[in-house]
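Scroll down for the structure; my scribbles are underneath it.
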Amino acid sequence: MIHPHTRIQFISDEMGYGVFATHFLPKGTITYVKDSLEMEITPEAFEGYTPEMQEVIEKYSYIDEKGIRIVSWDFAKYVNHCCNCNTMSTGYGFEIAIRDIQPGEQITDEYGIFNISREMELQCHHNNCRGRLSPNDFDAYYRQWDEQLQDALAKLLAVGQPLLPIIDPKSREEVMAYLQGKAPYRSVYSLKYFFQFASNGIGVRK
Ligand SMILES: [Zn+2]
């Protein structure tokens, strides 16, 4: 579920739609929660779809640490990637604003955490654009992402959090314990899915 203070907007034929903030969302705001309504497609179920449907699913899903493709039931699936993103997935089943987001600003994500199974060309037009999204990005960048995430998580209890009650109780308990210094930090690396590649190029579980 995407933060209530967001809306969907058409950007261009090239980019399609994007998600934009309607209010100021301070750093530390939970912007998306993987809730119990999300559609879950197992690797086996995915292989049963036609190539045309697989393309649609690939476009709108991310892959979790179990290899399951998650398709959001709301417009969270329209959040675009940016190499200078303003929100990022945590190891706790939610995404967080890693810097202040102004009203009207596009909400963007780090797709390197989404376990893509093959390289993807990027069109985020940012100065430091990586150009291509690679399955190797997870290993290359997770330390940097963890630094950004820990910095944002430190603000979690200091800002308004309409999505906090939506987080599943176990994950909520775990993040609270971390913030109180009673549990270790759960690295974003816990979201990495270890692929092996079938002959058709589709990643399947090891
Ligand atoms: Zn980029």
Flagged as over-length at 27 Å C-alpha distance, from Lys59/Lys182; Lys34/Lys59; Lys77/Lys170; Lys27/Lys77; Lys155/Lys192, the pairs are Lys59/Lys182
Summing -39500 (n - 2.57) over the DSSP H runs of n ≥ 4 in the chain and dividing by its residue number, what mean residue ellipticity at 222 nm do you reach, to the nearest 500 deg cm²/dmol?
-6500 deg cm²/dmol
When N counts the residues of the chain, how does its alpha-carbon radius of gyration compare numerically with 2.2 N^0.38 Å, as a ratio?
0.99
Dipole check, the chain, charges on Cβ (K,R +1; D,E -1), about Cα centroid: among Tyr185, Pro26, Gln102 the Cα furthest to the positive pole belongs to Tyr185
Give me the dipole magnitude in Debye, nearest 20, for the chain about the Cα centre, with unit charges on the beta carbon: positive for Lys and Arg, negative for Asp and Glu.
520 debye
When all Cα-Cα pair distances of region 4-55 are considered, the percent exceeding 15 Å is 69 percent
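Each reported figure results from applying straightforward, stated rules to the coordinates on display, with no laboratory input. Keep in mind it's a predicted model, so treat the numbers as computed, not measured. We place every Cβ from the backbone using ideal geometry, glycine too, and count neighbours over all the protein chains shown.
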